[in-house]
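Before any comments, here is the structure.
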Amino acid sequence: MTFSVFFQSVLDGLLLSLSSLGLLGRSRRKPDQLLPLLFTGVCLLSRLGLGDHDAEMAYAVLPVDHIVAFLFLFLGVLLLNSLWFQKSEGHTIFGTAAAFALYLLLRELSLLFLALCGLTEPAWYLYVGRVLPLGLWLVLWSTGALRWLRNRLADSDPVICIVCSNTAVLLLLQLILFRFDFSAMQRWLWVTVGVVGLLAACDVTAMLLRQYRMQAQRRTAMLEQYLPLVEELIEQVRARQHDFNNQMMAVSAAVSTAHDLAEAQEAVTSLLQHVRLDGADKELLKCDSKVISGLLFGKVKQAELKQIRVEVTIAGAFLHRALSEADWVELIAILLDNAIEAAAPGDVLYARAIEEAEGLRFSVLNPHRALSNAEFIQMFRRGWSTKGESGHGYGLYNVRQIVERHGGKIITGNDRQNGIPYITIGVLVS
C-alpha cells in the first residue's frame, strides 16, 4: 500500500464520517474524533481487499470499483453507524443512505467542477477532488442545512427520507452505468453534469417545498391556538372602551350641570378615580402579528394566575424579519416561560420589543441576582437546567440555535428596575 492510497482513504473516511455526524448527530458517550479513523479503515479494507483495478482514477469517486465492493462498504458504514450512534433501526438506515447521498453528491459536484475547468492532471481529481467536498460540507454546516436535514431525519420525515434514499440510489446507478470509471464520466461530461445538476436541483426543490409546507402547517396550528386569545383581547378592550365611554358621558353630564368650576372639578375627580386604561392591552394591539399578540396575551394571563405582572412594550415590527413568525412564537414562548417560572408572586416582568438600527430587539427582564458572563453563557448550553431533571435544559439552547441559524445575536445583561436587580435575556434579529 502506497502513501497515496492511504492519504486518499483518509480523505474518503473523513468525508464519510462528517456526513454521518452531520446527519445523525454526535454521540454523547463516544469520542467522535475516533469515527474518521474507523471509516478510514473501512475505506481501506474495501479498496485493498475488494478492488479490481490498479489505476487510482478508478477510485476517484468512491473507494470501491464495483457493486459488490460498494455493498460491503455500505454495510460496513451502516454497522458502524448503528453501533456508534445507537439510533432506531429506521433512523440509522435512512441516515446512512442520506450520508452516502451527501457524500456522492459533494464528491461528484467537485469532480465535475474540476472537469469543467479543463484540468487533465490526475492529481487534481485524486486530491483536490477529495478536499473540495470537505469545504462544501463546511458551507452546508455553517448555513444550518445539515442541522435541518438531521432534524427531519430524526423526525422520520417521509419526504426527506425518500429524497435522500432516491438520491443515493440514482447516483449509484450512474456510477454502475459508467462502471465506476470517472474517465468514462469525463467522456460523457455534459450528460453527467446534466444528470447530477438536475438531481441536485430536484432535491433542493423538494426540500424547499417541504419546508414551505411545514411552515404553512405550523402557521395554521398557531392561528388555531392563538387567534382565540386575540379575540378575547379584543372583547376585553371593547368592554373597557364601553365602560370608558359611559364614564365620559357621566363626566360630560356632571360638567354641564355644575354651578361653578370647583363643583365641576370635584365631580370629574370623583367620576374618574376608577377609570383606568390598561396599557398592556394597548401595547398588544400595536403588535403587527396577531399570532404573537395572542401569545403575549396568553402569557400575561398565565402570569396573572401566579400573581405576577408582565409589562409589555411593543415599539417595533416582528414580521418581515430573518425569523419566521413560527420561530418568533417559539422564541418568545421560551423566554417568557423561563421568566415566569423563575419569578415569585408579586414580581414584575418586562417584555420589550424595540426597533434598533441593527434590527428588532426582543428582551425579557425578570428579577434575579446579577450573573457573570460565564453564567450567562452556561445558560445557553445544551442540557443546562436549574431543575436537575432529564428532559429539561433545551429551551435557551433552542433559542440560541434559532437565532444563530438566522444571523441574529443573543442579548444578555444585568439591570436594575426600581432598585431591584434584574437580568435581561433577549435576541437581536435583523
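The values are calculated or read from the model by the stated rules, or taken from the named source; none is laboratory data. Because the structure is predicted, anything quoted here is derived from the model rather than measured. A quick note on method: Cβ atoms are made from the backbone with ideal geometry, for glycine too, and the neighbour counts reach across all protein chains shown.
Summary table
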read-out: Near pairs, Cβ below 6 angstrom, 6+ apart or cross-chain, from the range 106-121 (farther than 22 Å from T167 by Cα and of a type in the set (V, I, T)) to any residue that is modelled with pLDDT of 90 or more and surrounded by fewer than 16 Cβ atoms within 10 Å (Cβ to Cβ); value: none
read-out: Positions within the range 128-155 being exposed (fewer than 15 other Cβ atoms within 10 Å of the Cβ), touching a helix residue (DSSP H, G or I) at 6+ places or on another chain (Cβ under 8 Å) and farther than 26 Å from K87 by Cβ, in sequence order; value: V131
read-out: Test result for L285, farther than 15 Å from V427 by Cβ and surrounded by 14 or more Cβ atoms within 10 Å (Cβ to Cβ); value: yes
read-out: Residue, farthest from the chain's Cα centre (by Cα), within the range 187-212, restricted to residues that are surrounded by fewer than 17 Cβ atoms within 10 Å (Cβ to Cβ) and closer than 23 Å to M57 by Cβ; value: R187
read-out: Test: residue in the range 131-143 that is more than 19 Å from V204 (Cα to Cα), hydroxyl-bearing (S, T, Y) and either at pLDDT below 90 or part of a helix (DSSP H, G or I) (or both); value: no
read-out: Of the criteria (1) over 23 Å from the mean Cα position of the chain (by Cα); (2) among the aliphatic types (A, V, I, L, M); (3) at pLDDT 90 or above, which one L335 fails; value: (1)
read-out: Any chance P31 is surrounded by fewer than 18 Cβ atoms within 10 Å (Cβ to Cβ), without any contact (Cβ under 8 Å) to a residue 60 or more places away in the chain, farther than 21 Å from T167 by Cα and out of contact with any Gly (no Cβ under 9 Å at 6 or more places or on another chain); value: yes
read-out: Within the range 377-430, considering residues that are acidic (D, E) and under 20 Å from E341 (Cα atoms), the one modelled with the lowest pLDDT; value: E389
read-out: Among residues of the range 405-422, those that are under 12 Å from L331 (Cβ atoms) and of a type in the set (D, E, K, R), counted; value: 1
read-out: The range 34-58 - residue that is among the hydrophobic types (A, V, I, L, M, F, W, C) and surrounded by fewer than 16 Cβ atoms within 10 Å (Cβ to Cβ) and, of those, farthest from the chain's Cα centre (by Cα); value: A55
read-out: Members of the range 175-186 that are surrounded by fewer than 19 Cβ atoms within 10 Å (Cβ to Cβ), in a helix (DSSP H, G or I) and either within 28 Å of the chain's Cα centre (by Cα) or modelled with pLDDT of 80 or more (or both); value: I176, L177
read-out: Any pair with Cβ under 7 angstrom, 6 or more apart, that starts in the range 67-80 at a residue that is of a type in the set (A, V, I, L, M) and ends at one that is not in a helix (DSSP H, G or I); value: A69/G51; L73/P63; L73/V64
read-out: Candidate set from the range 67-82 (those that are over 37 Å from the mean Cα position of the chain (by Cα) and surrounded by fewer than 18 Cβ atoms within 10 Å (Cβ to Cβ)); member that is nearest to L126 (Cα to Cα); value: I67
read-out: Residue match in the range 142-156 (condition: acidic (D, E) and farther than 20 Å from R405 by Cβ); value: no
read-out: The range 87-125, residues that are among the acidic types (D, E) and either in contact with a Phe, Trp or Tyr (Cβ under 9 Å, 6 or more places away or on another chain) or within 30 Å of P158 (Cβ to Cβ) (or both); value: E89, E108
read-out: Meets criteria (touching a helix residue (DSSP H, G or I) at 6+ places or on another chain (Cβ under 6 Å) and either crowded, with 19+ Cβ neighbours inside 10 Å or at pLDDT 90 or above (or both)) for L105; value: no
read-out: Sole exception among (1) buried (at least 17 other Cβ atoms within 10 Å of the Cβ); (2) without any contact (Cβ under 8 Å) to a residue 60 or more places away in the chain; (3) under 22 Å from the mean Cα position of the chain (by Cα) for L323, by number; value: (2)
